[in-house]
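Student: The structure under discussion is supplied below as structure tokens; questions concerning it will follow.
The values are calculated or read from the model by the stated rules, or taken from the named source; none is laboratory data. What you see is a predicted model; the values in this text were computed from it and never measured. Counting neighbours? That spans all protein chains shown, and the Cβs are built from the backbone with ideal geometry, glycine included.
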Amino acid sequence: QKLKRGIPQTKWKRRIYKTSVQELIEKPILKATKGKKALFHGAGREDITARCLGWRPFVLEIKEPRRRKVDLKEMEKLINVGNFVKVRRLRFVDSSEVEKIKTADYLKSYRVLVKCGRTLTSDDLKRLQALVTIISQRTPTRVLRRRSDLVRKRKVYKLKARLVGRKHIELEITTDPGLYVKELVTGDGGRTKPSVAEVLGCECEVKELDVIAIHKKPIKGFRTEKKKS
């Protein structure tokens, strides 16, 4: 779990952030194993501004450990001392687990606080069920510099919406992995269709985003994406 916003999952080459999920987890383990360095392999990643309240599977790979036997229960206690990250059920694995983690496709559930550009009604909440469908999503503009320009098809399986103010709604959404949830809300200038903004006919902004569940059972055969010509 990542309990605080503003923390990246892994180390950045440029020291923009004070710490990361990787560093908070690896510090006591590197000290105990006397390893040279650690590699962090996570089952996906959340946005830096998001919390991860679900339990995300990961493998921490220790390079050149001088001690191979450590008390994992003690490691859990040391990692969980702060209020930034929490881990549970640590166990030793072999290298094959890294490939499983990196290729597994887990459904994700999110909670999103959205600010809208107009006053909302209960009828608007009903209209949002139109998003429980296949979403066509072109690579978001905010990640184009590091991602190929593709059109991805991802499914929204469930959506619950409730009013939390005249212009605010809280959404709980379960989706395929790889769906950019912020753009599902904003529409990203028409690059994501349909979107919350399109369905409601107004500008929408994500104020808070949390991953609330990473479902254990991976799914197969959902990926349909192609380069944009």
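Student: Among strands (runs of 3 or more DSSP E) lying entirely in the range 75-178, which contain 1 or more residues that are over 18 Å from Q9 (Cα atoms) and acidic (D, E)?
Tutor: 168-175
Student: Before we move on, is D149 at pLDDT below 95 and within 23 Å of W55 (Cβ to Cβ)?
Tutor: Answer is no for this residue.
Student: Does the range 169-181 contain at least one residue that is in contact with a Phe, Trp or Tyr (Cβ under 9 Å, 6 or more places away or on another chain), over 22 Å from I48 (Cβ atoms) and among the hydrophobic types (A, V, I, L, M, F, W, C)?
Tutor: Within the range 169-181, none of the residues are in contact with a Phe, Trp or Tyr (Cβ under 9 Å, 6 or more places away or on another chain), over 22 Å from I48 (Cβ atoms) and among the hydrophobic types (A, V, I, L, M, F, W, C).
Student: Just name the residue that is surrounded by the fewest Cβ atoms within 10 Å (Cβ to Cβ) out of those in the range 11-63 that are acidic (D, E) and in contact with a strand residue (DSSP E or B) (Cβ under 6 Å, 6 or more places away or on another chain).
Tutor: E61
Student: Name every residue in the range 132-150 that is surrounded by 16 or more Cβ atoms within 10 Å (Cβ to Cβ) and either of a type outside the set (S, T, N, Q) or not assigned by TED's automatic domain parsing to the domain that holds L184 (or both), in order of residue number.
Tutor: Within the range 132-150, I135, R138, P140 qualify.
Student: Report yes if some residue within the range 139-155 is touching a Cys at 6+ places or on another chain (Cβ under 8 Å), under 17 Å from S109 (Cβ atoms) and either in contact (Cβ under 8 Å) with a residue 60 or more places away in the chain or among the small types (G, A, S) (or both); otherwise report no.
Tutor: No; the residues of the range 139-155 include none that is touching a Cys at 6+ places or on another chain (Cβ under 8 Å), under 17 Å from S109 (Cβ atoms) and either in contact (Cβ under 8 Å) with a residue 60 or more places away in the chain or among the small types (G, A, S) (or both).
Student: Check off (1) modelled with pLDDT under 95; (2) among the hydroxyl-bearing types (S, T, Y); (3) surrounded by fewer than 17 Cβ atoms within 10 Å (Cβ to Cβ) for T119 and give me the number that stays unchecked.
Tutor: Looking at each condition in turn, T119 falls short on (1).
The rows are residues; the columns are (1) at pLDDT 95 or above; (2) within 24 Å of L107 (Cα to Cα).
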site: R191; (1), (2): yes, yes
site: V196; (1), (2): yes, yes
site: G201; (1), (2): yes, no
site: V206; (1), (2): yes, yes
site: D210; (1), (2): yes, yes
site: K217; (1), (2): no, yes
site: G221; (1), (2): no, yes
site: K228; (1), (2): no, no
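Student: OK, next. Scan the range 183-215 for residues that are of a type in the set (D, E, K, R) and either buried (at least 18 other Cβ atoms within 10 Å of the Cβ) or more than 21 Å from the chain's Cα centre (by Cα) (or both) and jot them down.
Tutor: Hits for the range 183-215 are E183, D188, R191, E198, E203, D210.
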